[in-house]
Amino acid sequence: MLVDGKWSADWHPVQATDGKGGFVRQTSSFRNWVTPDGSAGPTGAAGFKAEAGRYHLYVALICPWASRTLIGRKLKGLEEVISVSVVEPTTTDQGWRFGTYPGATPDAVNGATYMHEIYTRADPRHTGRATVPVLWDKQRGTIVNNESADILRMLNDGFGALARGDIDLYPRELRLEIDALNEAIYPSLNNGVYRAGFATTQQAYEAAFRDVFAMLERLEQHLGAGGPFLLGARLTEADIRLFVTLVRFDAAYHGLFKCNLRRIADYPALSAFLAAMLAVPGVVETVSIDHIKRGYYSIKALNPSGIVPLGPDLPGLAPVEVAAA
């Protein structure tokens, strides 16, 4: 991580734990918002007006938080408005790196080798982890925001007429329901799998494990009674936030993070939800199971051998090749 603008130690997936050995996620530190007229958003300062070509998104295809923003950019038709750089899937001793792995890109905006360089360009004395996603302002040469929930929401309505108006991922009449779903799903499932995978005590692991599967069961019942999406026929940001966790579950969280009571494939309604999301035009293009598996299984603390599993075969995505070498 960075300490006062200097890289201080080899990358590690866990920065902090609580008194019971539970994983504690870092709080995002850049919280400005892009708005149609440049006025201030819910947090941060004014001065970030929506303009085509001004903003750049840094992402990792392994990362569910970054994938939220890629899906939002795609669904809102902002591909020609916001450019993108993709880091390599495997983490290095200096964290995320830009490179030539298939599906990754160089950093064409700042010429950085590592993601932490983007943070010190924005704040030469930054302290913290260099996480993705990051929304970068090319004009001012700084980070606008590094909180995925904020970025997803500003992609929905912060770019005004530059974005598609026929898709609203946070409609006013559903906001209370969307917020309630997000607040329930995030701690128990989205972050719950990380709490299980990075727990340092049996007590912390078991608490997280129970939260994960209690929420999966609750969602199975909820979607089984309605669907195809969480609020019926209307796709919202809550579906995106759920999808990015579910699509990684059987490939990574089930085995590597020890969330192995059941697979998503064992839940009929959750499986139907995954299929419905992958059928939404553009969504499947944001998913790289290769990056997901190579990224998670490169975490030395959890998988010292670095061996990447060949399976599973996931419906709606590229099939696994099992022919003899």
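The values are calculated or read from the model by the stated rules, or taken from the named source; none is laboratory data. In this text the structure is predicted, and so the values were computed from the model without any measurement. Reconstructed Cβ throughout: ideal geometry from the backbone, glycine too, with neighbour counts over all protein chains shown. Accessible surface areas use protein heavy atoms only, side chains included; no ligands, DNA or RNA. Shrake-Rupley method; radii C 1.70, N 1.55, O 1.52, S 1.80 Å.
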Query raised in the report: Given the Cα-Cα distance of residue 113 and residue 307 and 0.36 nm per residue of separation, how much length would full extension add, in nm?
Result: 67.3 nm
Report task. Could you grab the relative contact order for segment 176-241? Cα pairs under 8 Å, six or more apart, rounded to a whole percent. Result -> 33 percent
Query raised in the report: So what is the relative contact order of the chain, in percent, for Cα pairs below 8 Å that sit 6 or more residues apart?
Result: 20 percent
Requested in this report: Could you order peptides 119-129, 208-218, 102-112 by the average number of other Cβ atoms within 10 Å of their residues, highest first?
Outcome: 208-218, 119-129, 102-112
Report task. Can you give me the span-like helices of the chain, meaning DSSP H runs with 24 Å or more of Cα extent along the axis and Kyte-Doolittle mean at or above -0.5? Result -> 202-224
Query raised in the report: What does the accessible area per residue of the chain come to in Å², with a 1.4 Å probe and no ligands, DNA or RNA counted?
Result: 43 Å²
Report summary line: Computed from the beta carbon distance with a Förster radius of 45 Å, FRET efficiency for residue 170 and residue 92 to the nearest 0.05 stands at 0.80
Query - Rounded if a/c under 1.5, otherwise prolate or oblate - the chain, Cα gyration tensor axes - result: rounded
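Using a 1.4 angstrom probe on heavy atoms only, work out the carbon and sulfur share of the accessible area of the chain in %. Walk me through the intermediate numbers first.
Working: 7520 of 14040 Å².
Roughly 54 percent of what the probe reaches on the chain is carbon or sulfur.
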Report summary line: GNM on the chain, Cα springs under 10 Å; top mean-square fluctuation among 167, 240, 71 goes to 167
Query - Cα-based shape type of segment 139-183, given that a ≥ b ≥ c are square roots of the gyration tensor eigenvalues and the cut on a/c is 1.5 - result: oblate
**Report entry** Simple label model, 7 Å out from Cα along Cβ direction - residue 83 to residue 279, nm
**Finding:** 3.7 nm
Requested in this report: Please name which of 90, 304, 176 has its Cα lying farthest along the dipole of the chain towards the positive end, using unit charges on Cβ (Lys, Arg +1; Asp, Glu -1) and the Cα centre as origin.
Outcome: 304
Query raised in the report: Say R0 is 30 Å: what FRET efficiency, to the nearest 0.05, do residue 161 and residue 138 get from their beta-carbon distance?
Result: 0.90
**Report entry** Helix-derived mean residue ellipticity, 222 nm - over the chain, DSSP H n ≥ 4, -39500 (n - 2.57), to 500
**Finding:** -9500 deg cm²/dmol
Query - Contour excess over end-to-end distance, with Cα ends at residue 8 and residue 258 and 0.36 nm allotted per residue - result: 87.0 nm
Report summary line: Violations at 25 Å Cα threshold for listed pairs 258/300; 76/293; 49/76; 258/293; 138/300; 6/76 -> 76/293; 138/300; 6/76
